[in-house]
């Protein structure tokens, strides 16, 4: 379409057939339902496949690494990889991407001759762990704090609102930097700081849900029939709050990976010689642009994974109807 | 100005101040949780992880680190309000001075990036709304999905690779052409004496801060060669920031426009006989844009975070670059100072957005 | 000479489920200074009818047949700019939900003055702010809002529903249309306010000689304001006649059922008589007469073939019971 057409279309308010999504009637819950829907949508299906691969690989590789570390057989960590990700091999230094020795050099090598592909694969479990751990912890902490604050109200609610306000006033990355550095710049520090930064959003959300749910009919009915608060929360509030959160959480895994890898880029987190997607990108900076593959390919990998998470989260939010965020 | 508008303004300002205090409190609590003992605290203030115990004692005395916590907190707040963020370990000058010189540069970058992001977002969002569910819409959606998911350093690298190194359209790094001299800073203001004394210091500091970033300094000084060079150097970094953040603007604009176009008052405008353009880009757009204002505050925070990375990649010597150095040198004081100042900036941006929103939407300010 | 003459109109929507024929071969007329009530349930096509007269149909709708002649001009085949010209000054439409009918970010005065400005443009008059302001104030008084100056300075969210509807009627008066189309203008208002607005419209009709096409689901409201009533069902005209005629002696079974279903609040145990069945699927409407699944008098022929309109002396009915 030429520029003229685009401009013409732009100036003409002309929508077309709304693509209604045929959603099944009835309560939207259960992962089977989501799965069904996502698989039918081809793009989402591909994204789901990639995520599944990523997660599966991370689990396998992560376990291998841990076992290798625990049993002092570190080589287990790279048993499945095309090459040793931390072995110096200056002969193959700064090799551009090529198909020789497939698949070792498919993404090229860095200054120390390590295959970028191997390093990417080796580092994957860290990102996956960060994503899942931070989001789940955030949900759990947020759920506990937010639901109780929202349901019981009063000064606890006020305090919570103020605290989350303060947390949310700072951009996540900046606070993450401060916390991680103060805690000691290691992988665990990063995880802790990310969890600390992530829960307020969920707390806010669960609070809003609790607030809106507590005046609903079935909760009033429960109260009238003498149910105590704890049971009401467990039985009515929690289950009804969860659906939209799941959709948002799917998106959020991607956000964690972005923040995590940006921290790694800045040198916070896993230290050399161990690879990390973000730090690989920044290590390549002095050799940019001639050896562009070192900086750009890890970024592309991050982008791909995050796109898939975001896509799925997006679809799920469409499915549920009410969006949490734009 | 009506009473209700005034009340709205005052409430927003109070809100901002309270949030700021809470933010400082939060940071205070976090720092003291991580470093609960005076010795641990002293290590942080020392500026390097390997401080001899004698020096630690000196620091404890100097900063009053063994005083009871509320007292420490009070000192902390008072210090911050006086602009005392400690002394930078590397440059050995007050933090505020270092940050004061570098912050305007970063703000210039961030604000430019924000403006780009908003423009791109409004344009693509309206485009998508006007072409709902046809290929244009899907393309726009795909584009913002990808750009939103791309890590900010990737965008920076790609821009640098293609536009600077391959196509040589724009310079790859730096603030301005280093061979050109810097424009002279603004000193001596003719009308300053009009202002009462204590305010003079603040005002001159503010003026100097505002006129220090490259573009503005060059414009004020009349140094157009420098101005042009600074513009050239600003484009790529600002574009990188804009590209990663425009996605939310697009999304919201699209949803907002679709909603606005469905409203009866749009039909009524057609009834009056206004042309389609005037209705869509006048009435509907004007109403749709209002929620975007709240987004700007969020974007400001996001862009500031992105600036840290971008300044590293593009060797753009602003506060972000300073942050990267501070991380590398484990300069805790600097990092804390930066955190607080960024917090202040974001809260200020939120306040500005709130005020703008009140101006744009009469429903909010006239209740 | 009729202000509006609709002949054999067909309007279709393309939806993802298929083609939806919202108006199916509809014909009727509205004369000068006459008010016609268009009565039907949701989905009967009555709103679509209103929108089609002023060319405000959504993008996925199209005119699939027939003609709409508004003040002598054929609407369905007009270009966009011609349509723009007739909108407002020839026919003006007001909508149901007052809260969304005015632009929330502009003052009432701005919006009304804009209407005057557009009218001047269309009719080739010169626009003079002072003259326009006086006219605006006059019309606000005409719609029985006390203190016009106060209302003018307000924003829409500061007005009540009834006030907004009046302001919009004022806007209509400013544009001096020959035909006013009102799509459920009182449905969102309290009953007392409803009565006031209806009386206002009646009086204005007499005073300005404006024709009104009043779309509603409430047949008693239609009776209140209309000279003639047209009953629609599933996109078709099922009965047309004088208001008295249709209400007191309805002919079509649907019209009969509508009138019978009005709760008669006088006697405490008066039975409620709903119309059995549910509204038809407009994408796959019932065969033959569209009302036949719910009709108590259904005959064989009703299931097979669509009845044609029969009538005389301005009374029209689409039912095999009558021919």
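Laboratory data are not the source of any read-out in this text; all were calculated from the coordinates shown. Fair warning: this is a prediction, and the values are worked out from it, not measured in the lab. Positions of Cβ are generated from backbone atoms using ideal geometry, with glycine treated the same way; all protein chains shown enter the neighbour counts.
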**Request:** Determine, from the Cβ-Cβ distance of residue A:70 and residue A:93 and an R0 of 35 Å, the FRET efficiency 1/(1 + (r/R0)^6), rounded to the nearest 0.05.
**Result:** 0.60
**Prompt:** Rg and Dmax of chain C, Cα atoms, in Å?
**Reply:** 20.5, 67
**Complete:** With label points set 7 Å from each Cα along the Cα-to-Cβ direction at residue C:203 and residue C:7, the distance between them in nm comes to 3.9
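Using only alpha carbons, build the gyration tensor for the protein assembly as shown and give me the equivalent ellipsoid semi-axes, biggest first, whole Å. Mind showing how you got there, number by number?
Details: eigenvalues 780, 238, 171 Å².
In descending order the semi-axes read 62, 35, 29 Å.
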**Request:** Considering Cα pairs under 8 angstrom that are at least six residues apart, work out the relative contact order of chain B and quote it in whole percent.
**Result:** 27
**Item:** Cα-only radius of gyration and Dmax that characterise region A:105-248, units Å
**Value:** 20.3, 71
**Asked** What does the convex hull of the alpha-carbon atoms of region B:95-365 project to on average, in nm²?
**Response** 18.5
**Prompt:** Counting partner chain Cβ atoms within 10 Å of every residue's Cβ in C:83-91, what's the average?
**Reply:** 3
**Message:** Tell me the volume per residue, in Å³, of the convex hull enclosing the alpha carbons of region C:17-144.
**Reply:** 168
**Prompt:** Considering every pair of different Cα atoms, what Kirkwood radius, in Å, is found for region C:164-312?
**Reply:** 17.5
**Request:** Calculate the spin-label point distance for residue A:216 paired with residue B:355, positioning each point 7 Å from the Cα along the beta-carbon direction, and give it in nanometres.
**Result:** 4.2
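If you wrap a convex hull around the alpha carbons of region A:128-179, what volume per residue comes out, as a whole number of Å³? Could the numbers behind the result be given before it?
Values: hull volume 3.9 nm³, N = 52.
Considering the Cα atoms of region A:128-179, their hull volume per residue is 75 Å³.
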**Item:** Where a label projected 7 Å from the Cα of residue B:142 along Cα→Cβ would reach, residues of region A:272-306 with amide N under 16 Å
**Value:** A:304
**Request:** May I ask you to give the average projected area over all directions of the convex hull of the Cα atoms of region A:163-249, in nm² rounded to one decimal?
**Result:** 7.0
**Item:** Pairwise centroid distance, computed over Cα atoms, of region B:291-367 with region B:103-149, Å
**Value:** 19
**Fill in**
Output field shielding_mean for C:163-173 (other chain Cβ, 10 Å radius) holds 1
**Message:** Taking 56 Å as R0, compute the FRET efficiency from the Cβ-Cβ separation of residue B:39 and residue C:97 and round it to 0.05.
**Reply:** 0.25
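Report, for chain C, the % of DSSP beta bridges that are antiparallel, rounded to 5. Kindly include the intermediate steps, with their values, before the conclusion.
Numbers: 31 of 50 bridges.
Within chain C, antiparallel bridges account for around 60 percent of the total.
What 222 nm value per residue comes from the helices of the protein assembly as shown, counting each DSSP H run with n ≥ 4 as -39,500 (n - 2.57) and dividing by all residues, nearest 500 deg cm²/dmol?
-19000 deg cm²/dmol
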**region B:15-168: radius of gyration and largest Cα-Cα distance (Dmax), Å** = 23.6, 71
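Which order do the peptides A:48-56, A:300-308 come out in when sorted by mean C-beta neighbours inside 10 angstrom, highest first?
Descending packing order for the listed peptides: A:300-308, A:48-56.
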**Calculated FRET efficiency for the pair residue B:134/residue C:281, C-beta based, R₀ 30 Å, to 0.05** = 0.65
**Request:** Which order do the peptides C:82-90, B:104-112 take when ranked by the mean count of other beta-carbon atoms within 10 Å per residue, highest first?
**Result:** B:104-112, C:82-90
**Message:** With only alpha-carbon pairs counted, each pair once and no self-pairs, how large is the Kirkwood hydrodynamic radius of region A:32-320 in angstroms?
**Reply:** 20.9
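What average count of beta carbons from other chains do you get within 10 Å of the Cβ of residues in B:50-57? List each step's numbers first, then the result.
Working: counts 0, 0, 0, 0, 0, 0, 0, 0.
Whole-number average of other-chain Cβ neighbours for B:50-57 is 0.
To check you understand DSSP bridge types, tell me what percent of the beta bridges within the protein assembly as shown (both residues inside) are antiparallel, rounded to 5.
Values: 33 of 52 bridges.
The answer is about 65 percent antiparallel.
Averaged across orientations, what area in nm² does the convex hull of the alpha carbons in region B:5-104 project?
Numbers: hull surface 32.2 nm².
Seen from a random direction, the Cα hull of region B:5-104 projects 8.1 nm² on average.
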**Prompt:** If you take the alpha carbon radius of gyration of region C:186-250 and divide it by 2.2 N^0.38 Å, what ratio comes out, to two decimals?
**Reply:** 1.16
**Item:** Computed label-point distance, nm, for sites residue C:297 and residue C:242 using a 7 Å Cα→Cβ extension
**Value:** 2.1
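Hey, can you rank C:289-296, B:33-40, B:247-254, A:232-239 by average C-beta count inside 10 Å, highest first? Intermediate results must be reported in sequence, preceding the final value.
Values: C:289-296: 20.5, B:33-40: 14.8, B:247-254: 24.9, A:232-239: 17.0.
Taking the mean over residues of other Cβ atoms within 10 Å, the ranking is B:247-254, C:289-296, A:232-239, B:33-40.
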